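Enquirer: This is the structure, below, for whatever I ask next.
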Amino acid sequence: MTDQTTNSIAFVADGNIPQSPPPARETGVVKWMRENLFSSWANSLLTIVAGLVIYMVLSGALPWMWNGVWTTSSLSECREVLAGEVGGCFSVLSERWNQLLFGFQYPQDQYWRPTLAFVLLFIAGAPVLFFDLPRKMLAFTAVYPFLAFYLIWGGTIMAPIVAFLGMGAAAFVFQTYGKGSFALGFFGAIVAAFAVWIIGGALIPEGASETAMLQAVPSRDLGGFMLNLMLGVTCVSLSVPLGIALALGRQSDMPLIKWICIIFIEFVRGVPLITLLFVASVMLSYFFPPDSTVDLFLRVVIMITMFSAAYIAEVIRGGLAALPKGQYEAADSLGLDYPQAMRLIILPQALKISIPGIVNVAVGLFKDTTLVSVISMFDLVGMIRGPILASTEWAGVYWELLGAAAILFFIVCYGISQYSQWLERRLATDHR
Amino acid sequence: MSTLTDPPKDSFRLSMLINDTRYRSLTFQALAFLALALSFMYLGNNLIANLRAAGLNINFGFLTDTAGYDISQKLVEYSNQDSHSRAAFVGLLNTILVAVLACVTATVFGVIAGVLRLSNNWLVSKLMAFYVEIFRNIPVLIWIIIIFTIMTAVMPAPRAFRGDNATATMVFDAFAFTNRGIYTPLPWFANGIFESQALNWLLVLVVACGSWFAARRVNVWATAKQEATGERPNTLPMLLGIWLAPFLILMLIMGLTWEYPALKGFNFQGGIKIGGPLIALWFALSIYTGAFIAENVRAGIQAVSKGQTEAAAALGLRPSKVMNLVVLPQALRIIIPPLISQYLNITKNSSLAIAVGYADITATLGGITLNQTGRAIECVLLLMAFYLTASLLISLVMNVYNASVKLKER
């Protein structure tokens, strides 16, 4: 019996078998590919099709970019250098880069001015976009619009100084009287600003622009990507306060105010931006006093601001509607009046909810600034389709120019949307 | 207890206009009305003075004058001897044409890209994310110009199709891709029941509607039978017959023939010509808006909570049923409102036609007519009236839809 037992147990394990590695198809790259690229026949087919698409695009684009010519002065010269090979004539970018950025009429020795304004824009914008920065930097943000105006347009320094003093007076009046009664402070501020502007405007001597330190540049000489950026930044920053006012007006209990706001918003949202730009270019001047000349840039800024204000108003209305009713009632029960309740309780929360929407509107608006090329302003697209493609040297260089425009817009718009996503994560204080 | 005396007589004081909430809103509205009326008067006065100085008046009589310009892409008869209003009508139809075409293709692109972006295939989902980001972040005007450039600068000229050593060939001998546009075969009826081809097509549409109703009846009948007996009859042959038989018979009776484009002289003749500007506008609006729709579709599908899918699976539904009966109805409620506002955007963005010379209403009424007659105010007002009507109609559709799918809560 014992004998049989010892014989029947032929092998007794006296240790652990070393762990064998998982099968090759279950590890590393192979596993990842099996799971993510070839998990079923349909998936494999998709992968192959996608791979083919990517290969076709890259095989066309890479040699074209790699063989690109950067240093010739005309298309025919560039074709000679390429000698029949595939390659891009990127020399149009290196030669006309300044025109693409600043337009073809901005004085060349003054390019440092818009460049400086652009760099300062980041310093001015930083405290608005990133709240961790010291609040004292906001002082520079307040000065920036006037500084940028002076840098870009030049002329007499008195004009921006008077404008700044007017805003300063308005702020002072609002600080002093706004505490007691919002309406008094608000309307007082408007009166103060206009008083300073009218008095100051009368004090600026005639012809001060000719002898100014910075050469005056008229608006019609602005162009290129600078024009897109200027229109985008100006119109977005002007339309946010206007949009807040319109959104509050649309929620108002006063029927007249409510209906004015509704009609304005729905009207503007119902028509394409191009028709509004037509208004700016051919119709708006009929509504100004007969002997005044309001330049096209200002007219376009007015119309685009109205346009984006209507969209921003709808976004903010969404934010206001998303607030629980208890917030309004709590503000009332604390005895706050309407301006206080809005400023301290409602708007901070509603604006926080609306930030992604506002950024979307801003990105859309920045893209829409290319439409001004239709009313013959020479923004980036207008420069490409107009002076550059019409010139004898560069007629026919489409892809390099359009590609450069696309990349410039992509960088800015993608950057803004990434910022918005970061901000959303940053502000997510409520759930989870 | 003390008795309540009558409240003090309300004596109206002037300061109550500001301090009493009952009157304050009236004060504000009166002020607002005053400001509005004053600014309108100011603007109106300026307008009258400017018009008088320019020797103009507001008059829509120019609409009946001869337009004098040609339109190459048109849906209805038009010659340069027709009136400006006729030209505007041609433009209006062209706007509707490109808007409808772009809405259909943008939806197709958007749904495909949105669904594929959620695919578990890494390469495909990354590729779709790339597509969405690229197209959303570059202005639609640049896309329109890029595709227009492809159409005009890359496609071969009609003469490249000529001769023995032609550098370009027609696809299937039926489609010609040239730098003037794409030529496709034109279907028409050799011995139609009506004289006019349009009426014949209308008849086809009526027959198709009839088939649709019949197919619905069959489905209702099949469902009733399934509920009675537990077994669903196979309706596929019946449905095929209902859809195909009347259609094929009609086509045979009316003698459907195809007119192929052919190279005659310097250009292609016959068939349907889809002009380069129309293609550029159509395709650019489709891929641009498709990227936005893809994001809406993705958000809509992701918004349906996983519990819904799991619950449906726990009830024993097959995956296709889970999608059709549980996920899609809920996702569509989220997807459709932004989808309709994307349609609105397409309609408004179609006004960019003016940049590539497609004769939509902005290019005819707001472009050439405006420049020829100098009637800026009238033209822009008519243009705005058209777009306002269009967008109000689309919003109306959206509101009706929203009301119909609203969650019915207690």
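Enquirer: For B:A390, indicate whether it is in contact with a Leu (Cβ under 7 Å, 6 or more places away or on another chain) and either within 9 Å of chain A (Cβ to nearest Cβ) or surrounded by 20 or more Cβ atoms within 10 Å (Cβ to Cβ) (or both).
Expert: Judged against the criteria, B:A390 is not a match.
Enquirer: Report, by residue number, each residue of region B:134-169 that is facing chain A (nearest Cβ under 8 Å) and within 17 Å of A:I384 (Cα to Cα).
Expert: Matches in region B:134-169: B:I138, B:P139, B:V140, B:L141, B:I142, B:I145, B:I146, B:T149, B:A153.
Results for (1) surrounded by fewer than 18 Cβ atoms within 10 Å (Cβ to Cβ); (2) in contact with a Leu (Cβ under 9 Å, 6 or more places away or on another chain); (3) not small (G, A, S), shown as yes or no for each residue.
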{"position": "B:Q73", "(1), (2), (3)": "no, yes, yes"}
{"position": "B:E77", "(1), (2), (3)": "yes, no, yes"}
{"position": "B:F89", "(1), (2), (3)": "no, no, yes"}
{"position": "B:V100", "(1), (2), (3)": "yes, no, yes"}
{"position": "B:A106", "(1), (2), (3)": "no, yes, no"}
{"position": "B:S119", "(1), (2), (3)": "yes, yes, no"}
{"position": "B:M128", "(1), (2), (3)": "no, yes, yes"}
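Enquirer: Continuing with this model, one more query. Does region A:351-373 contain at least one residue that is outside any helix (DSSP H, G or I), within 15 Å of B:I145 (Cβ to Cβ) and not aliphatic (A, V, I, L, M)?
Expert: no
Enquirer: Need pairs with beta-carbon distance below 7 Å; first residue within 18 Å of A:A313 (Cβ to Cβ) and in contact (Cβ under 8 Å) with a residue 24 or more places away in the chain and within region A:223-241, second of a type in the set (S, T, Y) and assigned to a helix (DSSP H, G or I); sequence gap 6+ or separate chains.
Expert: Note: pairs meeting the criteria are A:C235/A:T305; A:C235/A:S308; A:V236/A:S308; A:L238/A:T305; A:S239/A:T305; A:S239/A:S308.
Enquirer: Still on this model: Would region B:355-369 turn up any residue that is in a helix (DSSP H, G or I), within 13 Å of chain A (Cβ to nearest Cβ) and more than 25 Å from B:P139 (Cβ to Cβ)?
Expert: Yes, some residue in region B:355-369 is in a helix (DSSP H, G or I), within 13 Å of chain A (Cβ to nearest Cβ) and more than 25 Å from B:P139 (Cβ to Cβ).
Enquirer: Give the residue, chosen from A:V196, A:V143, that is at pLDDT 85 or above and out of contact with any Leu (no Cβ under 6 Å at 6 or more places or on another chain).
Expert: A:V143
Enquirer: Okay, next question. Return yes when B:I182 is in a helix (DSSP H, G or I), touching a residue at least 60 places away in the same chain (Cβ under 8 Å), crowded, with 17+ Cβ neighbours inside 10 Å and among the β-branched types (V, I, T) and no when it is not.
Expert: Criteria not met by B:I182.
Enquirer: Are any of the residues in region A:285-293 in contact (Cβ under 8 Å) with a residue 24 or more places away in the chain, surrounded by fewer than 22 Cβ atoms within 10 Å (Cβ to Cβ) and within 20 Å of B:C379 (Cα to Cα)?
Expert: No, that holds for no residue.
Enquirer: Would you mind listing the helices (runs of 4 or more DSSP H) fully within region A:179-272 where at least 2 residues are closer than 24 Å to B:S391 by Cβ?
Expert: Here the list reads A:224-250, A:255-270.
Enquirer: Can you tell me which residue is nearest to the other protein chains (Cβ to nearest Cβ) among those in region A:328-356 that are among the small types (G, A, S) and buried (at least 18 other Cβ atoms within 10 Å of the Cβ)?
Expert: In this case the residue turns out to be A:A341.
Enquirer: Any chance region B:323-333 includes a residue that's within 14 Å of another protein chain (Cβ to nearest Cβ), without any contact (Cβ under 8 Å) to a residue 40 or more places away in the chain, out of contact with any Phe, Trp or Tyr (no Cβ under 7 Å at 6 or more places or on another chain) and within 28 Å of B:F283 (Cβ to Cβ)?
Expert: no
Enquirer: Give just the number: which of (1) in contact with a Pro (Cβ under 8 Å, 6 or more places away or on another chain); (2) touching a residue at least 60 places away in the same chain (Cβ under 8 Å) does A:P127 not satisfy?
Expert: Going through (1) in contact with a Pro (Cβ under 8 Å, 6 or more places away or on another chain); (2) touching a residue at least 60 places away in the same chain (Cβ under 8 Å) one by one, A:P127 breaks only (2).
Enquirer: Go through region B:133-179 and report how many residues are assigned to a helix (DSSP H, G or I) and hydroxyl-bearing (S, T, Y).
Expert: The qualifying residues number 2.
The values are calculated or read from the model by the stated rules, or taken from the named source; none is laboratory data. Since the structure is predicted, the reported quantities are computational estimates derived from the model, not experimental observations. In this analysis, Cβ positions are derived from the backbone assuming ideal geometry, glycine residues included, and neighbour counts consider all displayed protein chains.
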